[in-house]
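The values are calculated or read from the model by the stated rules, or taken from the named source; none is laboratory data. Please read these numbers as outputs of a predicted model, since none were measured by experiment. Every residue, glycine among them, receives a Cβ derived from its backbone with ideal geometry; neighbour counts consider all protein chains shown.
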Amino acid sequence: MGKKVFVDLSHPFSAEIPRWPYFDKPVIDSKHTMAKGGVLTQYIGCTMHTGTHCDAPRHVMETEFDGKRARYTHEMPVDAYTGDAICLEIKASRWELITSAHLEDACKRANIKPEELEGMIVCLNTGMNLKFDDSKEYYHYSCGTGEDAGRWFVKNKVKCVAMDSQALDHPLHTAMGNNGATRMNLLGSAGIPITEEYKQMFGEEAYAEFDKEEYIRVHGKEAYDKRFGDLEAIGCWGTWEPCHKLMLGNGIVGVENLGGDLAKVSGKRFKFYCFPIRWYMGDGSMARCVAEIDEDDVNDVPDRTYLYCGTGVQSR
């Protein structure tokens, strides 16, 4: 075995960092400067779900599946987001819903059986981390998980899921589509709501997966209750971030916007370190994610370079 090295799996943070469509822009200001006071002291004000960050159960639900009040950040074990990990390379197309079939395929290519994932952190490399930007491509058209993947994580008793995309759910399962009290049904690149664009591209039956009313219209109430009834039973809107809720409601925490040098550990096993702020009654927290891995196991790929000019995905 070679020596252990650390690989950064976090996006750099700045006032210009890409952020979820209705989040506030981070404010970074100086309270003291070297020229005036001989010290540099900076102020940061932002939503805790900005950039690479953790989610706690209370972020998306009032009650977990055990019937108890959903836990805040400070109530999770200190190692909830840390432990033995594997990075699964997911082969999914633009806007595709990641299912258990994708996850099973990724396990085969990583030479691990799903039942071996018990107690592990599962990092997903979909390639979206390379598109991290203030763009429709990253936020609207990302591939992402849903109810089927959420149940797969629960079935295989993983400890934490860290995703390299905008959320623990497909964009259309979020408020960017037609879900939740905060729903926006944003306009896509085609100049029409992304829900309508998806229907035109993939059909109404495919879209129904993301919309409670459409699912019931297409498949019937009995079919809806069979798929999403356990979520509805604890007061959750079934098609609104079901992967979030199935995971977090069963004690599986999540990390969003994983990035950095993720390609260096793709398909590999390693130790994953991630610690949110010990925030009393927090719903999540920005965090630094790092992999500790044997030097000989690191994939031979170039270091990730962030060409920051506000966002940094590409240079002009």
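Output the residues belonging to the range 280-301 that are of a type outside the set (Asp, Glu), surrounded by 15 or more Cβ atoms within 10 Å (Cβ to Cβ), touching a residue at least 40 places away in the same chain (Cβ under 8 Å) and touching a Ser or Thr at 6+ places or on another chain (Cβ under 9 Å). If the condition is that a residue be of a type outside the set (Asp, Glu), surrounded by 15 or more Cβ atoms within 10 Å (Cβ to Cβ), touching a residue at least 40 places away in the same chain (Cβ under 8 Å) and touching a Ser or Thr at 6+ places or on another chain (Cβ under 9 Å), then 282, 284, 285, 286, 287, 289, 290 are the ones that fit.
Yes/no matrix, rows are residues, columns are (1) in contact with a Phe, Trp or Tyr (Cβ under 6 Å, 6 or more places away or on another chain); (2) within 22 Å of residue 90 (Cβ to Cβ); (3) modelled with pLDDT of 95 or more:
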residue	(1), (2), (3)
263	no, yes, yes
270	no, yes, yes
274	yes, yes, yes
282	yes, no, yes
295	no, no, yes
300	no, yes, yes
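Pairing each residue of the range 156-168 that is farther than 20 Å from residue 271 by Cβ with any residue that is part of a loop (DSSP other than H, G, I, E, B) and among the aromatic types (Phe, Trp, Tyr), provided the two are 6+ apart or on different chains, yields C-beta distances under 7 Å for 166/20. Among the residues of the range 13-46, the ones that are more than 30 Å from residue 166 (Cβ to Cβ) and in a loop (DSSP other than H, G, I, E, B) come to 4 in all. The condition of being in contact with a Gly (Cβ under 8 Å, 6 or more places away or on another chain) and among the β-branched types (Val, Ile, Thr) holds for residue 234.
May I ask you to verify whether residue 214 is outside any strand (DSSP E or B), over 18 Å from residue 128 (Cβ atoms), charged (D, E, K, R) and touching a helix residue (DSSP H, G or I) at 6+ places or on another chain (Cβ under 7 Å)? Yes: the conditions hold for residue 214.
When each of 85, 70 is tested for being within 18 Å of the chain's Cα centre (by Cα) and aliphatic (A, V, I, L, M), the lone residue that passes is 85. For the range 157-185, the candidate set comprises residues that are of a type outside the set (Gly, Ala, Ser) and surrounded by fewer than 19 Cβ atoms within 10 Å (Cβ to Cβ); within that set, the residue that is modelled with the lowest pLDDT is 182. Per the listing 245, 271, the residue uniquely among the charged types (D, E, K, R), in contact with a Cys (Cβ under 8 Å, 6 or more places away or on another chain) and either surrounded by fewer than 22 Cβ atoms within 10 Å (Cβ to Cβ) or part of a helix (DSSP H, G or I) (or both) is 245.
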